[in-house]
Amino acid sequence: MRSLIRNFLLIATAISLTSCALLQGRFSEYTPDISLKSVNLRGFDFDGADLEYVYTIRNKVGFGITFSKLAFQIALDGKRMVDVQNDKNVAIKANATTDFTIVQRVRYVETVEAIFDLAKKDSVSARLTGTVGVYINELIGSVNVPIEAEKTIPVPKLPQVAFGSFDFENMNLSNVLNPKATFNLRFKVHNSNPFDIKIPKLDYAFTAAGTNVVTGEKKNQTLKKQSEESLTIPVSLAGRDIIDLVPKLRDLKSTDYRFTSGVEFAILGQTVRLPFYYPK
């Protein structure tokens, strides 16, 4: 009797396992279609970048399914960046379509990249490979569906600051005790992106012939998309010392001078300060 019971249990177990294998094999023929809808660079700063992958999944079967996990790798321009695995419980109704999003922080230190290296590129190739665990039921468990896609992401450009000129306007020597002179400091800020960029603060300083000629800042500027803005700063000098300084300022070719600037720009939810020096 014990032998019959043991044989029956073995047969029942074998049938159960065979049924599970058959069910999993049958379901594999009806695995959902997964396609990459878009890849977005959501933000970046001096530490890293935030990548957003938006996938579309279409359930081809007549019953609801649920994601049980995500395991994937991200690479930029062929450089393997991160391996990630996390729970992603997304329920999809029968014969329905829905989107799911993967957002991952990628640090430059992991790829020996830097924000300035990234900003020099027009675009980067973002590649994601991995699997989605699709939960069926307690009997079948989960079926792993592979996902693999690659798209090109345009890279936002850092604004470019350029020194223009320091131009003499006029000089008033009528008051010999307090002569005055006026100059115009000109520089340019260029935005090559297809969107506006806000500049919370732009500070500047100009030194020449060992003298701090002018310092100041501009706040809450907006750079229009794909445009260049010329900024003119009036500079008024007064005092007897300018009598010797003005000739040097009028001929910068023979005078040591330096223009420095710092631009804080807001882009993709981040504020980054970009230093600029001329001559470098």
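The values are calculated or read from the model by the stated rules, or taken from the named source; none is laboratory data. Small disclaimer: the values here were computed from a predicted structure and weren't measured. Ideal geometry is used to build each Cβ from the backbone, glycine not excepted, and the neighbour counts take in all protein chains shown. Accessible surface areas use protein heavy atoms only, side chains included; no ligands, DNA or RNA. Shrake-Rupley method; radii C 1.70, N 1.55, O 1.52, S 1.80 Å.
What residue, among those in region 188-221 that are hydrophobic (A, V, I, L, M, F, W, C) and within 27 Å of the chain's Cα centre (by Cα), is modelled with the lowest pLDDT?
Phe195
Thr232 - would you say it is open to solvent by 60 Å² or more (accessible area, probe 1.4 Å), at pLDDT below 80 and either more than 27 Å from the chain's Cα centre (by Cα) or within 16 Å of Asn191 (Cα to Cα) (or both)?
Details: open to solvent by 60 Å² or more (accessible area, probe 1.4 Å): yes; at pLDDT below 80: no; either more than 27 Å from the chain's Cα centre (by Cα) or within 16 Å of Asn191 (Cα to Cα) (or both): yes.
No, not satisfied.
Specify the residue that is farthest from Phe206 (Cα to Cα); the eligible residues are those in region 235-249 that are at pLDDT 80 or above and touching a strand residue (DSSP E or B) at 6+ places or on another chain (Cβ under 8 Å).
Pass one, region 235-249, residues at pLDDT 80 or above: 235-238, 245-249.
If we keep only those that are touching a strand residue (DSSP E or B) at 6+ places or on another chain (Cβ under 8 Å) too, we end up with 235-238, 245-246, 248-249.
Working: Val235: 10, Ser236: 13, Leu237: 13, Ala238: 16, Leu245: 14, Val246: 14, Lys248: 14, Leu249: 11 Å.
This residue is Ala238.
Which of the strands (runs of 3 or more DSSP E) contained wholly in region 56-170 include at least 1 residues that are basic (Lys, Arg) and at pLDDT below 80?
The qualifying strands (runs of 3 or more DSSP E) are 65-76, 79-86, 97-107.
Given the options Lys218, Lys224, name the one that is under 30 Å from Ala49 (Cβ atoms) and exposed (fewer than 13 other Cβ atoms within 10 Å of the Cβ).
Answer to the selection: Lys224.
Scan region 159-201 for residues that are open to solvent by 80 Å² or more (accessible area, probe 1.4 Å) and among the hydrophobic types (A, V, I, L, M, F, W, C) and jot them down.
Passing the criteria: Leu173, Val176, Leu177.
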